[in-house]
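**Q** Please find one structure pasted underneath; my questions will follow.
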Amino acid sequence: MTHVLYLAHDLADPAIRRRVLTLQTGGAKVTLAGFTRGENKLASVDGVAPIVLGTTADGQFAQRLISIVKSSLSLSARLRQVQKPDVIIARNLEMLALARRASAIYGRDVPVVYECLDIHRLLLNEGIAGKLVNAAQRYFATNAKLLMTSSPAFVSHYFAPRSGLQLPVLLQENKVLVLDEDAAALPAPRPPKAGEPWKIGWFGALRCRKSLEILGDFARRMDGKVEVILRGRPAYSEFDDFDAFVANAPHLSFHGAYANPEDLASIYNEVQFTWAIDFFEEGQNSSWLLPNRLYEGCLYGALPIAVAKTETARFLETRHIGHVLQSADTTTLETFFTSLNEQAYLDAFAKLALIDRRQWVTDSQDCRDLVRRLASLAQPQNGQAAEAAPSSLTRV
């Protein structure tokens, strides 16, 4: 059985839980270690007791850096009872630094996988700070054998032209982990009944203040014809007062956290549309990512709404599904929903329903394939550690 040591930047991040479940479903033994950054019991994994390395704060890069330094000094003691892993996965740059240290503890022959699903704005900084952070990334990736990322645009806009990393790339899209494939029923169209509003769902990591303001203003101006439902985990550091804004916003509500993937069908079946727009790092990471909610919404029949000139828009336009707005603002949304009728919705739903469900799903075979790929990194070839052959990164 392949033993994976997974180093996580935020143990309360539901995406960490999904990756651990993916590895376990693929047949791996997983040791989870990382930092706490808030409580989310729905992100815990049964049977996995994480090794807590410390506490970090969202949006506090300097504090996180200090925590990494402190943790590196005590890492040997924290991992004393952990048997030597076959591979180490480092989620994000800060954990890549600890992965280098962990590999050294076990003899430097443990291959490291760098899992990077967001490009931090510091990596794109053209000044001294950006040069230093990129240099640090290259240094910490010295022992890395593979880069896992979730969007081809991350590679084409950053990793290939700017990072200086020379690593094989494994594209792991943010697809929905389907543990019980027989239970995943095909979605049905759900136009609103007479007198009821259209519903937009903004689910997942809620960190975009601009999206919240746009949706709040739009819901108010539509005066009950459209309802906006928020679910997930707000990044409170990114909002002036998230709770007060929601409380004072008519036709907009926050319904708390949810279990992923267990609750996805029920929450997406409550809405007709998915807000797949993000301005958190506009023109950079937000323009290049393919978010979790894109795959989740499409799998469960919630039509995605994107904004032009982003990777999400390109993804939708290639498949002729969803709705791409030329600009994401209240007026454009108001124009779209004012002209929307049931037949237009049903036609758009029918196009989405034609897409092969494998486009949205990570199944048990995908899990096994991932673990097999990871295991191959540790297999010797001619007396030396094997390196994964570069994958052909095709545009999805």
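**Q** Check Glu296 against each of (1) open to solvent by 20 Å² or more (accessible area, probe 1.4 Å); (2) closer than 24 Å to Arg209 by Cα and name the one condition it does not meet.
**A** With (1) open to solvent by 20 Å² or more (accessible area, probe 1.4 Å); (2) closer than 24 Å to Arg209 by Cα applied to Glu296, the lone miss is (1).
**Q** Are there any helices (runs of 4 or more DSSP H) wholly within region 189-282 with 2 or more residues that are in contact (Cβ under 8 Å) with a residue 24 or more places away in the chain and in contact with a His (Cβ under 9 Å, 6 or more places away or on another chain), and if so which?
**A** By residue number, 209-222.
**Q** For region 139-149, indicate whether the set of residues that are in a helix (DSSP H, G or I), open to solvent by 30 Å² or more (accessible area, probe 1.4 Å), on the phi < 0 side of the Ramachandran plot and among the β-branched types (Val, Ile, Thr) is non-empty.
**A** No: zero hits.
**Q** Pairs, please: C-beta under 9 Å, at least 6 apart or cross-chain, first residue closer than 17 Å to Ala97 by Cα and in region 126-139, second surrounded by 17 or more Cβ atoms within 10 Å (Cβ to Cβ) and of a type in the set (Lys, Arg)?
**A** Every condition considered, the pairs that remain are Tyr139/Arg100.
**Q** Report every pair of residues separated by at least 6 positions or lying on different chains whose Cβ atoms are under 8 Å apart, first residue within region 83-103 and more than 20 Å from Leu73 (Cβ to Cβ), second surrounded by fewer than 22 Cβ atoms within 10 Å (Cβ to Cβ) and of a type in the set (Phe, Trp, Tyr).
**A** Lys84/Tyr106; Pro85/Tyr106
**Q** Now, a different point. May I ask you to say which residue of Phe336, Phe315, Phe349 is touching a Leu at 6+ places or on another chain (Cβ under 8 Å) and more than 26 Å from Arg221 (Cβ to Cβ)?
**A** Answer to the check: Phe315.
**Q** I'd like to check something: does region 270-286 contain any residue that is open to solvent by 10 Å² or more (accessible area, probe 1.4 Å) and among the β-branched types (Val, Ile, Thr)?
**A** No, region 270-286 contains no residue that is open to solvent by 10 Å² or more (accessible area, probe 1.4 Å) and among the β-branched types (Val, Ile, Thr).
**Q** Which one is farthest from the chain's Cα centre (by Cα) among residues in region 150-175 that are buried (at least 17 other Cβ atoms within 10 Å of the Cβ) and more than 18 Å from Leu96 (Cβ to Cβ)?
**A** His157
The values are calculated or read from the model by the stated rules, or taken from the named source; none is laboratory data. Keep in mind it's a predicted model, so treat the numbers as computed, not measured. All Cβ positions, glycine included, derive from the backbone under ideal geometry; neighbour counts span all protein chains shown. To get the accessible areas, we keep the full protein, side chains included, count just its heavy atoms, and leave off ligands, DNA and RNA. Shrake-Rupley method; radii C 1.70, N 1.55, O 1.52, S 1.80 Å.
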